[in-house]
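Asks: One structure coming up, written as structure tokens, with questions to follow.
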Amino acid sequence: MSERTRQLLARVKELKAWRNAVVLAHNYQIEEVQDAADYIGDSFGLSRIAAETKADVVVLCGVHFMAEGAALLAPDKIVLLPEPLAGCPMADMVTAEALREKRKQHPGATVVTYVNSSAAVKAESDICVTSANAVKVVNSLDCEEILFVPDKNLANYVAKHTNKKVIAWEGYCLVHHRVSSDDVHKAREAHPDAVLVVHPECRPEVVAASDYALSTSGILQFAGETKHRKLIIGTEMGIMYRLRKENPDKVFYLLSQGLVCPNMKYTTLGKIVQALETLQPRITVPDNVRDGARRALLRMLEIA
Ligand code: 13P
Ligand code: SF4
């Protein structure tokens, strides 16, 4: 670790104490940001911590929808997103207006929205899910048909693991969708004795060719518990840091070198320091969508 990184980590610590702040980082964040975090987790874990924390300030090191989710669940807290340009292209593949139109075409369907979405879209939804709880939440619903928004790959995974009729929105994660069957074939050939674990945001054929499909925290838990010594990992490369740190006796291979989400790499220690010094950029939720979005998120938390 460089002297500069050490100084920045010390400064973050100082500022956290001064502001009574908590730093939450997604599993895809860069290494030093994960080192600065009080809690590292998947989207579900981060939203739970945001809802429960006693801190006055939440620094969300992730992408915009995560900070917005924290602002919804912790309305009395100051929620900071150190890099305001960190967005999620998949979340931008659906708008509230387009969802309202689609809903009219399927009046009997329950609208299930992946947390990778804006608060405005959540407000148009019946309930939210994350990749960690999508199957459980959908199975708990008293309905036959769901409209799943915006990830068509996670929708496909849900359809395979529930008895609901699933209408999928035409959205996808640019990073996970890029992984192909050819990548799986090559990785299997290079590491024949490794187990393949992927994220359900991958294409259906990639998920079908894998041994397990899990959320990022699910992958971390599996890696810690499994007897397998070698694992091929099919999700964003940021997770490799924790996997290797927490399992020094195991070997991890990234399924594809294309598994890099640029939006998850924008946050740096310098930006966290700046955010804590200035209490900016602050993420708030527009009044007209706050209650609806919060209701959809809380409904998920109650079930999951
Ligand atoms: P999880 O960490 O919830 O599995 O989500 C992955 C993701 O793509 C978040 O942007
Ligand atoms: Fe969005 Fe995919 Fe990046 Fe997650 S990895 S933030 S779903 S683009």
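Every number in this text was worked out from the coordinates using simple rules, so none of it is lab data. Nothing here was measured: the structure is a model prediction, and the numbers come from that model. Glycine also receives a Cβ, built like all others from the backbone with ideal geometry; neighbour counts cover every protein chain displayed.
Asks: With each label point set 7 Å from Cα along the Cα-Cβ vector, what nm distance links residue 51 and residue 20?
Replies: A separation of 2.2 nm, rounded to one decimal place.
Asks: Which net charge results for the neighbourhood of residue 162, defined as the other residues with beta-carbon distances under 13 angstrom from its beta-carbon, given Lys and Arg at +1 and Asp and Glu at -1?
Replies: Taking every Cβ under 13 Å from that of residue 162, the sum is +1.
Asks: Per residue and in cubic angstrom, what volume does the convex hull of the Cα atoms of the range 241-304 have?
Replies: In the range 241-304, the Cα hull volume divided by residue count equals 203 Å³.
Asks: In addition: Please name whichever of 210, 88, 70 sits farthest to the positive end of the charge dipole of the chain, dipole taken about the Cα centre and charges placed at Cβ: Lys and Arg +1, Asp and Glu -1.
Replies: In the chain, that residue is 70.
Asks: Moving on. So in the chain, what percent of DSSP beta bridges are antiparallel if you round to the nearest 5?
Replies: Percent antiparallel among DSSP bridges in the chain is about 5.
Asks: Which shape class, rounded, prolate or oblate, goes with the chain when its Cα gyration tensor gives a ≥ b ≥ c as root eigenvalues, a/c under 1.5 marks rounded, and past that a/b bigger than b/c marks prolate?
Replies: Judged from the Cα gyration tensor, the chain comes out oblate (a/c at least 1.5, b/c at or above a/b).
Asks: Still on this model: Quick one: putting +1 on the C-beta of Lys and Arg, -1 on the C-beta of Asp and Glu, what dipole do you get for the range 93-140 around its Cα centre, in Debye to the nearest 20?
Replies: Here the range 93-140 has a charge dipole of around 60 debye.
Asks: Related question: Per-residue ellipticity at 222 nm for the chain, helices alone: DSSP H runs ≥ 4 residues times -39500 (n - 2.57), over residue total, nearest 500 deg cm²/dmol?
Replies: Rounded to the nearest 500, the figure is -13000 deg cm²/dmol.
Asks: What does the charge count near residue 187 come to, summing +1 for each Lys or Arg and -1 for each Asp or Glu among other residues with Cβ under 13 Å from its Cβ?
Replies: Charge balance near residue 187 sits at -2.
Asks: Pairs 245/265; 136/245; 16/77: which exceed 22 Å Cα-Cα?
Replies: Beyond 22 Å between Cα atoms: 136/245.
Asks: Okay, moving on. Using 0.36 nm per residue of separation minus the Cα-Cα distance, give me the extension gain between residue 180 and residue 193 in nm, one decimal.
Replies: Separation in residues times 0.36 nm, less the Cα-Cα distance, equals 2.7 nm.
Asks: By how many nm would the segment from residue 303 to residue 76 grow when fully extended, if each residue of separation counts as 0.36 nm and the alpha-carbon distance is taken off?
Replies: Here the answer is 79.4 nm.
Asks: Can you put 243, 154 in order, fewest other beta carbons within 10 Å first?
Replies: Least to most surrounded, the residues fall as 243, 154.
Asks: Here's a follow-up. Once fully extended, how much extra length lies between residue 104 and residue 244, figured as 0.36 nm per residue of separation less the alpha-carbon to alpha-carbon distance?
Replies: My answer for the length gained is 45.6 nm.
Asks: Could you check the simple spin-label distance between residue 143 and residue 170, using points 7 Å along Cα→Cβ, in nm with one decimal?
Replies: In this crude spin-label approximation the distance works out to 2.2 nm.
Asks: Using a 10 Å cut-off around each Cβ, can you sort 88, 143, 202 from fewest to most neighbouring Cβ atoms?
Replies: In increasing order of surrounding Cβ atoms, one gets 143, 88, 202.
Asks: Also, I was wondering about something else. Skipping prolines and chain starts, which residues have an amide H placed within reach, meaning under 5 Å, of the one on residue 110, given they are 5 or more residues away or on another chain?
Replies: It is 145, 146, 147, by chain and number.
Asks: Let me ask you something else. For a quick check: sort 64, 26, 177, 106 by the number of other beta carbons within 10 angstrom, fewest at the front.
Replies: Placing the least packed residue first, the sequence is 106, 177, 64, 26.
Asks: From the square roots a ≥ b ≥ c of the eigenvalues of the alpha-carbon gyration tensor of the range 134-267, which class results: rounded (a/c under 1.5), prolate (a/b over b/c), or oblate?
Replies: Taking the square roots of the gyration eigenvalues as a ≥ b ≥ c, the range 134-267 is prolate.
Asks: Mind counting lysine pairs for me in the range 140-240? Cα separation below 28 Å, and the two need to be 8 or more apart along the chain or on different chains.
Replies: Total qualifying Lys-Lys pairs in the range 140-240 comes to 9.
Asks: Extending each Cα 7 Å along its Cβ direction at residue 221 and residue 6, get the distance between those two points in nm, one decimal.
Replies: 3.7
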